[in-house]
Amino acid sequence: MVEGTRRFRVAAAYSDVRAALDYLKTHSVDIILLDIEMPGIDGLTALPDVISAGRGAKVLIVSSAAEQGAAVTVQALALGAADTLVKPGIGAFGGRFAEVLEERLSRLLETHAHPAPPEPAAAVHPAPVPVTPQHHGAVHLPDDFELVAIGASTGGIHALSQLLRAIPAKFQVPILVTQHLPVSFMSYFATQLAVLGGRPCDVAADRMRIRPGRIIVAPGDAHMRVVRTSDGSAIRLTHEKATSGCMPSVDPMFESVAQVFGARALGVVLSGMGRDGCEGARDLIDAGARVLAQDQASSVVWGMPGAVANAGRASAILPPDEIGRLIARRGGAA
């Protein structure tokens, strides 16, 4: 089916994970199709190693167990899979499935179609800030920040769960979340965050009001921006190409939050591949806001938070649960 698309070709195919990992040591690919039930190491157990070996390749889980909302699907996305697709039963591999497979592969490839431009050769970033008790103690967040904006990608669901569990339900500051996930998963993702966060969570809609005590997540097919209203703030959804090539992108969210809330905002960048959120973090810092980045040890992929840290735009580098406790303490909910 892959060969039949004429747009994609199969570089290699293996029935066990170890052989695939050996191949990836010396070869580069754009997309990896990974089953769950296989001889030896199962797909979920192998997923972190496959992501690492892929060096930027998107992993699409194709399994009969990967139904929307199923435990396997949630776990796969939490571990860093880019998307999931239900594999039909034996004898049902024709027709519509081939079309859906090609559409999913194309969508994964398009996320790389507009990569960030290379940085000037003269640009030198400071080394990552070491995560030490002294660094933790030096963190200062204003007691009156009015909005928390969180960006995440690969491995971000797990990090978000740790962060939100550390924030008491009485915390009233609104939380915005841009997480790179397939469109079809967003409704379930919002339901999951509502349970984890102990507060209502909505998938963003255009002109939705930002209200205290709630979480709003970006839809999978639009950027989530913030605009001023006569009596507060609201969401506007846009579809322009982001510098990172991501849809949705963290950068437009951070940029607009900086414009509307300035120093009264808090940005958070969690585990994720690439640099999405790094340019927006600069806007937040320039506006006087603070930006917290997840530490390398707890990240599935230290791309996004690492980019922020290496650019000198992280006010602190912490594990997700410590970020949550710090937010709750400064927000008066601890």
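The values are calculated or read from the model by the stated rules, or taken from the named source; none is laboratory data. All of these numbers come straight from a predicted model, not from anything done at the bench. Because the Cβ atoms are built from the backbone with ideal geometry, glycine has one as well, and the counts that use them run over all protein chains shown. Just the protein is used for accessible areas: all its heavy atoms, side chains included, with ligands, DNA and RNA removed. Shrake-Rupley method; radii C 1.70, N 1.55, O 1.52, S 1.80 Å.
Checked against the criteria, Thr26 does not count as of a type outside the set (A, V, I, L, M), under 26 Å from the mean Cα position of the chain (by Cα) and either part of a loop (DSSP other than H, G, I, E, B) or under 22 Å from Leu160 (Cα atoms) (or both). Here Met38 passes the criteria (1) open to solvent by 20 Å² or more (accessible area, probe 1.4 Å); (2) at pLDDT 90 or above; (3) in contact with a Ser or Thr (Cβ under 7 Å, 6 or more places away or on another chain) except the one numbered (2). In the range 184-203, the residues that are over 16 Å from Ala78 (Cα atoms) form Cβ pairs under 8 Å with partners that are open to solvent by 40 Å² or more (accessible area, probe 1.4 Å) and in a helix (DSSP H, G or I), at six or more places apart or across chains, as follows: Cys201/Thr191; Val203/Ser187.
For the range 308-321, how many residues meet the condition of being in contact with a Pro (Cβ under 9 Å, 6 or more places away or on another chain) and either part of a strand (DSSP E or B) or open to solvent by 40 Å² or more (accessible area, probe 1.4 Å) (or both)? Let's see the steps before the verdict.
Restricting attention to the range 308-321, the residues satisfying the condition of being in contact with a Pro (Cβ under 9 Å, 6 or more places away or on another chain) are 309-312, 314, 317.
Now drop any that are not either part of a strand (DSSP E or B) or open to solvent by 40 Å² or more (accessible area, probe 1.4 Å) (or both), which leaves 310, 312, 317.
Qualifying residue count for the region: 3.
Kindly indicate whether any position in the range 290-307 is basic (Lys, Arg), within 20 Å of His223 (Cβ to Cβ) and open to solvent by 10 Å² or more (accessible area, probe 1.4 Å). Among the residues of the range 290-307, not one is basic (Lys, Arg), within 20 Å of His223 (Cβ to Cβ) and open to solvent by 10 Å² or more (accessible area, probe 1.4 Å), which makes the answer no. Just one of the listed residues (Asp283, Asp231) is in contact with a helix residue (DSSP H, G or I) (Cβ under 7 Å, 6 or more places away or on another chain), farther than 21 Å from Gly80 by Cβ and surrounded by fewer than 24 Cβ atoms within 10 Å (Cβ to Cβ), namely Asp283.
The selection criterion, being of a type in the set (Val, Ile, Thr) and over 21 Å from Ala159 (Cβ atoms), does not hold for Ile51. Do you know which residues across the range 273-309 are polar (S, T, N, Q) and under 21 Å from Ala57 (Cβ atoms)? Scanning the range 273-309 gives Gln296, Ser299. Checked against the criterion of being among the β-branched types (Val, Ile, Thr), in a helix (DSSP H, G or I), farther than 25 Å from Glu67 by Cα and touching a strand residue (DSSP E or B) at 6+ places or on another chain (Cβ under 7 Å), the candidates Val227, Val260 yield just one match: Val260.
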